[in-house]
Structure formats: C-alpha cells, structure tokens
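K.L.:
Can you read through this structure? Questions will come right after.
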Amino acid sequence: MRRRHFLSQVGWGSFWTTVAAMFAGLARTLYPNALYEPSRRYKIGFPSDFPAGSVTARPEERLFVYNNPGEGIHAISAVCTHLGCVVNRTNEGFFCPCHGSRFDASGRVKAGPAPRPLSWYRVSLAFDGQLVVDANEEVKPGTKFRL
Ligand code: FES
C-alpha cells in the first residue's frame, strides 16, 4: 500500500466516523432526559374499607388514613420532614426511627430534628366511589373529608 493511499483511507475513515457521531448525537436529542415519576394521586379503596375509628397504614403510598367517627376521613403523610424516613405510629402519635423525631397524633413536631409537621393530604371521592388521596395537594391540618 502506498503512503498516499493509506493517508487517504485514514482521512475518509475519520470523516465518516465524525459524521456518524454527529448523527448519533442528533438522534439522541429526540429522547429528552426526563424522569417519569408515578402519579401521586392514590385510589385507596372504598369508604367501607375504612371502618369508623380505624387508622390504616398504607405502606405503598407512605401514608396513614384515619376515619374519625362523625368528623370524616383524613390522610397524613408517613414521610418524616427531616430526611424522608418513614415514621412509625405510636400511642402518642408518630416516631421516626432514623433520628428520633416525634410527632403528635395530628403530625405536629413534638421533638427531634424534624423541621415541619407531617403533611396532610387532600382526600376526595372518585367517580367510581373510591377514596382518592392526592399527595400533590397538602391541606391544612385538621381538614377532614366528609362523605
Ligand atoms: S429522618 Fe426522621 S428524624 Fe431524621
């Protein structure tokens, strides 16, 4: 192989490699770098699934659902406002096992490093009759959904 022919081959190889990389980069821009998170609106079941006076832990949705006799239903987040650990329910309220934050039964901070109370989420009724908790929408503590 002559030197001129070899250099010509190297030059064309570099050219086509560059063109291929350019088109690969162009094709990559068609797929955005977005994270698709699951919905934070949860259908949690029918009202009859939550007897009066019950407190139901929903570990998948990380919340507690209360049915207060005569007052209505409310949902409190089980996610600690310090660093996001899941709190446990106690007789006095909630306890975070990670750094020891304590919350009263309505989610107010009683002790520990947690800076804010636990969130209360909006509860509503879907068309099919199931309760819906919208974790995207916080409500004022004490807000209850009446059937
Ligand atoms: S994550 Fe709950 S106290 Fe730190």
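The values are calculated or read from the model by the stated rules, or taken from the named source; none is laboratory data. Every value quoted in this text rests on a predicted model; they were computed, and no experiment measured them. Methodologically, a virtual Cβ is constructed for each residue, glycine included, from the backbone with ideal geometry; neighbour enumeration extends over all protein chains shown. Note: areas computed on protein heavy atoms with side chains; ligands, DNA, RNA excluded. Shrake-Rupley method; radii C 1.70, N 1.55, O 1.52, S 1.80 Å.
K.L.:
Take the residues in segment 112-124 that are exposed (fewer than 15 other Cβ atoms within 10 Å of the Cβ) and under 21 Å from the mean Cα position of the chain (by Cα), then tell me which one is nearest to Arg40 (Cα to Cα).
P.N.:
Going through the qualifying residues, I end up with Ser124.
K.L.:
To continue, here is another question. Against the conditions (1) open to solvent by less than 50 Å² (accessible area, probe 1.4 Å); (2) in a loop (DSSP other than H, G, I, E, B); (3) among the acidic types (Asp, Glu), where does Glu60 fall short? Just the number, please.
P.N.:
It is condition (1) that Glu60 fails.
K.L.:
Oh, and also: Taking the stated definitions as given, is Gly72 at positive phi and surrounded by fewer than 18 Cβ atoms within 10 Å (Cβ to Cβ)?
P.N.:
Details: at positive phi: yes; surrounded by fewer than 18 Cβ atoms within 10 Å (Cβ to Cβ): yes.
Criteria met by Gly72.
So that you can scan it fast, the table gives a plain yes or no per residue for (1) outside any strand (DSSP E or B); (2) surrounded by 10 or more Cβ atoms within 10 Å (Cβ to Cβ); (3) away from the ligand (no atom under 16 Å from the Cβ):
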{"residue": "Gln9", "(1), (2), (3)": "yes, yes, yes"}
{"residue": "Leu26", "(1), (2), (3)": "yes, no, yes"}
{"residue": "Ser48", "(1), (2), (3)": "yes, no, yes"}
{"residue": "Phe64", "(1), (2), (3)": "no, yes, no"}
{"residue": "Asn67", "(1), (2), (3)": "no, yes, yes"}
{"residue": "Ile76", "(1), (2), (3)": "no, yes, no"}
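K.L.:
Regarding segment 79-87, can at least one residue be identified that is free of Cβ contacts under 8 Å to residues at least 12 places away in the same chain and open to solvent by 50 Å² or more (accessible area, probe 1.4 Å)? Working first, answer last.
P.N.:
So the first thing to find is which residues in segment 79-87 are free of Cβ contacts under 8 Å to residues at least 12 places away in the same chain, and the list is 84.
From what is left, the residues that are open to solvent by 50 Å² or more (accessible area, probe 1.4 Å) are none.
No: zero hits.
K.L.:
Does segment 98-111 include one or more residues that are within 11 Å of the ligand (Cβ to nearest atom), aromatic (Phe, Trp, Tyr) and open to solvent by 30 Å² or more (accessible area, probe 1.4 Å)?
P.N.:
Of all residues in segment 98-111, those within 11 Å of the ligand (Cβ to nearest atom) come to 98-103, 109, 111.
Restricting the remaining residues to those that are aromatic (Phe, Trp, Tyr) gives 103.
Pick out the ones that are also open to solvent by 30 Å² or more (accessible area, probe 1.4 Å) and you get none.
No, there is no match, as no residue in segment 98-111 is within 11 Å of the ligand (Cβ to nearest atom), aromatic (Phe, Trp, Tyr) and open to solvent by 30 Å² or more (accessible area, probe 1.4 Å).
K.L.:
Being of a type in the set (D, E, K, R) and either within 13 Å of Val65 (Cβ to Cβ) or touching a Pro at 6+ places or on another chain (Cβ under 7 Å) (or both) is the filter here, so list the residues in segment 119-133 that pass it.
P.N.:
Arg122 - this is the single residue of segment 119-133 that is of a type in the set (D, E, K, R) and either within 13 Å of Val65 (Cβ to Cβ) or touching a Pro at 6+ places or on another chain (Cβ under 7 Å) (or both).
K.L.:
Answer yes or no as to whether Val55 is modelled with pLDDT of 95 or more, surrounded by 13 or more Cβ atoms within 10 Å (Cβ to Cβ) and among the hydrophobic types (A, V, I, L, M, F, W, C).
P.N.:
On the way: modelled with pLDDT of 95 or more: no; surrounded by 13 or more Cβ atoms within 10 Å (Cβ to Cβ): yes; among the hydrophobic types (A, V, I, L, M, F, W, C): yes.
So Val55 fails the test.
K.L.:
Further, regarding this structure: If I go through segment 80-89 residue by residue, how many of them are within 16 Å of Ser106 (Cβ to Cβ) and in contact with a Ser or Thr (Cβ under 9 Å, 6 or more places away or on another chain)?
P.N.:
3
K.L.:
Something else: For Phe94, only one of the following conditions fails: (1) closer than 16 Å to Pro59 by Cα; (2) open to solvent by 20 Å² or more (accessible area, probe 1.4 Å). What is its number?
P.N.:
Among (1) closer than 16 Å to Pro59 by Cα; (2) open to solvent by 20 Å² or more (accessible area, probe 1.4 Å), the lone unmet condition for Phe94 is (2).
K.L.:
Condition test on Ile44, is it touching a helix residue (DSSP H, G or I) at 6+ places or on another chain (Cβ under 9 Å), away from the ligand (no atom under 11 Å from the Cβ) and either within 22 Å of Thr143 (Cβ to Cβ) or free of Cβ contacts under 8 Å to residues at least 40 places away in the same chain (or both)?
P.N.:
Numbers: touching a helix residue (DSSP H, G or I) at 6+ places or on another chain (Cβ under 9 Å): no; away from the ligand (no atom under 11 Å from the Cβ): yes; either within 22 Å of Thr143 (Cβ to Cβ) or free of Cβ contacts under 8 Å to residues at least 40 places away in the same chain (or both): yes.
Judged against the criteria, Ile44 is not a match.
K.L.:
Only one residue in Phe127, Phe145 is crowded, with 18+ Cβ neighbours inside 10 Å and closer than 22 Å to Phe50 by Cβ. Which one? Let's see the steps before the verdict.
P.N.:
Details: Phe127 fails: crowded, with 18+ Cβ neighbours inside 10 Å.
Selected residue: Phe145, the only one of Phe127, Phe145 that is crowded, with 18+ Cβ neighbours inside 10 Å and closer than 22 Å to Phe50 by Cβ.
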